[in-house]
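Engineer: One structure coming up, written as structure tokens, with questions to follow.
The values are calculated or read from the model by the stated rules, or taken from the named source; none is laboratory data. Everything quoted here is computed from the prediction, not taken from an experiment. Positions of Cβ are backbone-derived with ideal geometry, glycine not excepted, and every protein chain shown enters the neighbour counts. Note: accessible area is taken over every heavy atom of the protein model, side chains too, but ligands, DNA and RNA are not part of it. Shrake-Rupley method; radii C 1.70, N 1.55, O 1.52, S 1.80 Å.
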Amino acid sequence: MNVPQIRLESNFIKLGLKIEKPVQEIEQPPAIQSIQQPKAILEIETIPGKLTIDQTKAREDVDLKSVGRRIEEFSQYGYQDWLKGLERRAAQGTELMKIENGGNPIAYQAKENSEGPPKQFNIGWVPSYNSVKIQCEPAKVNIEVRPQKPKIEVEIRKPVHTYTPGKVSTEILKKNSLNIDFINLTI
């Protein structure tokens, strides 16, 4: 039997997408830096040492005395000898005044006046021990340091950023369609 039929044939639309990807570029320029390091402030103060050597006593021990010292000694010796001579003459005058008491004061005084004191000899060190006086004050050094902070200057640079947005475009690859067929229709 022939049954009338309606045949429908449909085709869907086919869409195509054309995609352009976005482009992004980022560049970071380096920062501009300036660094300076000032020198530290250094102060050095030196107090020199002092060495004192006094060899006056050692020079006197070897009979190398200054003129002033010799004059002082000679005046002292002269004064002492004058006092001893005065004392001796006074004592001898008293003995001669009492000549009647006996004894032989003239012979005794002649012998005493002609002989000096007995000589003495001893071993000694020339110059004597510890006759050179040495005094030393060591040098002093004062050091003062003041550090200086570095001077740092930085200029920050912004990044360079470029962006191209992507695009999406559509196109119809195949249009939609609907076909209708009639079969076994009698009119």
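Engineer: For T52 and Q120, compute 0.36 nm times the residue count separating them, minus their Cα-Cα distance, and round to one decimal in nm.
Structural biologist: 20.9 nm
Engineer: Given R₀ = 45 Å, FRET efficiency for F182-L15 by Cβ-Cβ distance, to 0.05? Display every interim value, and only then the final one.
Structural biologist: Values: r = 31 Å, r/R0 = 0.69.
After rounding to 0.05, the efficiency reads 0.90.
Engineer: Give me the accessible area per residue for the chain, probe 1.4 Å, as a whole number in Å². Intermediate results must be reported in sequence, preceding the final value.
Structural biologist: Details: 17630 Å² over 187 residues.
Accessible area per residue: 94 Å².
Engineer: Considering only protein heavy atoms and a 1.4 Å probe, what is the carbon-and-sulfur percentage of the accessible area of region 45-187? Before the final figure, lay out each step's value.
Structural biologist: Working: 7520 of 13280 Å².
The value for region 45-187 is 57 percent carbon and sulfur by accessible area.
Engineer: Between the helical axis of 67-97 and the dominant principal axis of the chain, each derived from Cα atoms, what acute angle in degrees is found, rounded to the nearest 10?
Structural biologist: That helix lies at roughly 30 degrees to the long axis.
Engineer: Shifting gears a bit: Can you figure out the FRET efficiency of E45 with Q135, using R₀ = 25 Å and their beta-carbon distance, to the nearest 0.05? Present the calculation step by step, with values, prior to reporting the outcome.
Structural biologist: Values: r = 23 Å, r/R0 = 0.92.
E between E45 and Q135, to the nearest 0.05, is 0.60.
Engineer: Assuming R0 = 41 Å, what is the FRET efficiency of E171 and N2, from their Cβ-Cβ distance, to the nearest 0.05?
Structural biologist: After rounding to 0.05, the efficiency reads 0.40.
Engineer: Another question, then. Considering the values (i) 24, 19, 17; (ii) 149, 17, 11; (iii) 36, 26, 16, which represents semi-axes √(5λ) of the Cα gyration tensor in Å as calculated for the structure under consideration?
Structural biologist: Of the listed options (i) 24, 19, 17; (ii) 149, 17, 11; (iii) 36, 26, 16, (ii) comes from this structure.
Engineer: Run down the aspartates and glutamates and flag those whose C-alpha is under 19 Å from the C-alpha of K140, throwing out any fewer than 8 positions away in its chain.
Structural biologist: Straight-distance partners of K140: E43, E45.
Engineer: Which aspartates and glutamates have a Cα lying under 20 Å from the Cα of K14, excluding residues fewer than 8 positions away in the same chain?
Structural biologist: Of all the aspartates and glutamates, those that pass the test against K14 - Cα under 20 Å, at least 8 places apart if same chain - are E171.
Engineer: Suppose a student asked you for the relative contact order of the chain, using Cα pairs under 8 Å spaced at least 6 residues apart; what percent would you report?
Structural biologist: The value is 65 percent.
Engineer: About the Cα centre of region 47-114, what is the dipole size in debye to 20, counting +1 per Lys and Arg Cβ and -1 per Asp and Glu Cβ, all else neutral?
Structural biologist: Rounded to the nearest 20 debye, it is 180 debye.
Engineer: A further question follows. Cross-link candidates for K111: which lysines have Cα within less than 21 Å, leaving aside residues fewer than 8 places away along the same chain?
Structural biologist: Hits, sequence-local ones excluded: K84, K98, K119.
Engineer: Same structure, new question: With everything on Cα atoms, drop me the angle between helix 105-114 and the longest principal axis of the chain, reported from 0 to 90° to the nearest 10.
Structural biologist: Helix 105-114 sits roughly 30 degrees off the main axis of the chain.
Engineer: Here is a follow-up. With each pseudo-label sitting 7 Å past Cα toward Cβ, what's the S128-M97 distance in nm, one decimal?
Structural biologist: 4.1
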